[in-house]
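Please treat every number below as a calculation from the coordinates, not as lab data. Only a predicted model underlies this, so the values are computations on that prediction, with no experimental measurement involved. Cβ: placed from backbone, ideal geometry, glycine included. Neighbour counts: every protein chain shown.
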Amino acid sequence: MNLRFPQRDEIREVANLPTMAVDLGFASKKKSCGLAWQVRSEVCRPERSDFGRCIEKVAAFLSDNANSVLVVEAPLSGLFNTDGNPTGRTPFEEASVAGKTDRRYWYVGAGAAVGLGAVFLFSQLSRLVTPETNLIHVVEGFVSFKTRRSNDKEDALALLNGLRHSDTTQIYDIEATEGERCVNMLNLAGLASQEDPCPTVMVVTV
């Protein structure tokens with residue numbers, strides 16, 4: 001499979017392609033992943049699955065569509081400060097909630113866990129997706145700080161709808177300032193080149 005990382009000004013070009021959106025979980029037993037997919041304008045029926053079944057479903061979808069979009073709700077990039085330490089990808093990893101600053105940094109807790117899960121996901125997809133010429137546009141999804149409880153299926157559907165309505169969706173390019181370093185996680189897995197940019201982040205609310 002061939003991976004491409006469309007940036008903010010290119011998202012509109014891929015917004016109506018066949019799309020698989022994954023709210024990724026990385027649990028040993030429970031159904032921790034939400035999936036929502038759409039090829040044309042058919043009704044989307046999201047579902048939940050465990051991590052292993054999620055890989056199978058995503059691989060089958062990407063194999064069936066020669067030119068598609070994969071949105072994954074997991075950190076697909078990392079940012080390091082001038083001292084070489086991990087730092088937050090602002091502004092979307094911080095928010096004011098009930099008068100307090102809440103943070104969901106890519107390198108802490110659940111972010112770090114599903115980031116690792118994403119590397120395993122893509123490494124398996126590189127083996128399973130056929131034909132090798134299929135083009136996959138990769139976008140990072142970020143379900144913002146929630147004001148209500150939602151499930152994995154709702155989050156995946158929100159990601160899919162966010163891409164379809166990209167004109168009104170918050171989208172951020174991950175760029176390092178002077179002295180900082182941005183790392184594409186898939187480069188660490190040998191699935192992206194040093195020249196590839198970090199995946200754009202699409203922020204949605206539920």
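What the table shows:
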{"quantity": "2 or more residues hydrophobic (A, V, I, L, M, F, W, C) and in contact (Cβ under 8 Å) with a residue 24 or more places away in the chain: qualifying strands (runs of 3 or more DSSP E) within region 121-188", "calculated": "135-143, 181-184"}
{"quantity": "Unique match (being acidic (Asp, Glu), farther than 16 Å from residue 183 by Cβ and surrounded by 14 or more Cβ atoms within 10 Å (Cβ to Cβ)) among 93, 73", "calculated": "73"}
{"quantity": "Hits in region 30-60 (condition: part of a loop (DSSP other than H, G, I, E, B), in contact with a helix residue (DSSP H, G or I) (Cβ under 9 Å, 6 or more places away or on another chain) and among the small types (Gly, Ala, Ser))", "calculated": "32"}
{"quantity": "Some residue of region 37-52 being touching a residue at least 40 places away in the same chain (Cβ under 8 Å), within 14 Å of the chain's Cα centre (by Cα) and farther than 19 Å from residue 164 by Cα", "calculated": "no"}
{"quantity": "Residue count for region 61-94, restricted to those that are of a type in the set (A, V, I, L, M, F, W, C), more than 19 Å from the chain's Cα centre (by Cα) and closer than 23 Å to residue 160 by Cα", "calculated": "1"}
{"quantity": "Residue count, region 74-101 (criterion: in a loop (DSSP other than H, G, I, E, B), small (Gly, Ala, Ser) and more than 16 Å from residue 141 (Cβ to Cβ))", "calculated": "4"}
{"quantity": "Check on residue 102, without any contact (Cβ under 8 Å) to a residue 60 or more places away in the chain and either within 15 Å of the chain's Cα centre (by Cα) or over 27 Å from residue 170 (Cβ atoms) (or both)", "calculated": "no"}
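Condition check ((1) surrounded by 19 or more Cβ atoms within 10 Å (Cβ to Cβ); (2) in contact with an Asp or Glu (Cβ under 8 Å, 6 or more places away or on another chain)) across all residues:
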site: 60; (1), (2): no, no
site: 78; (1), (2): yes, no
site: 83; (1), (2): no, no
site: 102; (1), (2): no, yes
site: 108; (1), (2): no, no
site: 125; (1), (2): yes, no
site: 140; (1), (2): yes, yes
site: 146; (1), (2): no, no
site: 151; (1), (2): no, no
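A quick yes/no check of all residues on (1) touching a Ser or Thr at 6+ places or on another chain (Cβ under 9 Å); (2) of a type in the set (Asp, Glu); (3) closer than 21 Å to residue 119 by Cα:
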position: 24; (1), (2), (3): yes, no, yes
position: 27; (1), (2), (3): no, no, yes
position: 32; (1), (2), (3): yes, no, yes
position: 35; (1), (2), (3): yes, no, yes
position: 46; (1), (2), (3): no, no, no
position: 50; (1), (2), (3): yes, yes, yes
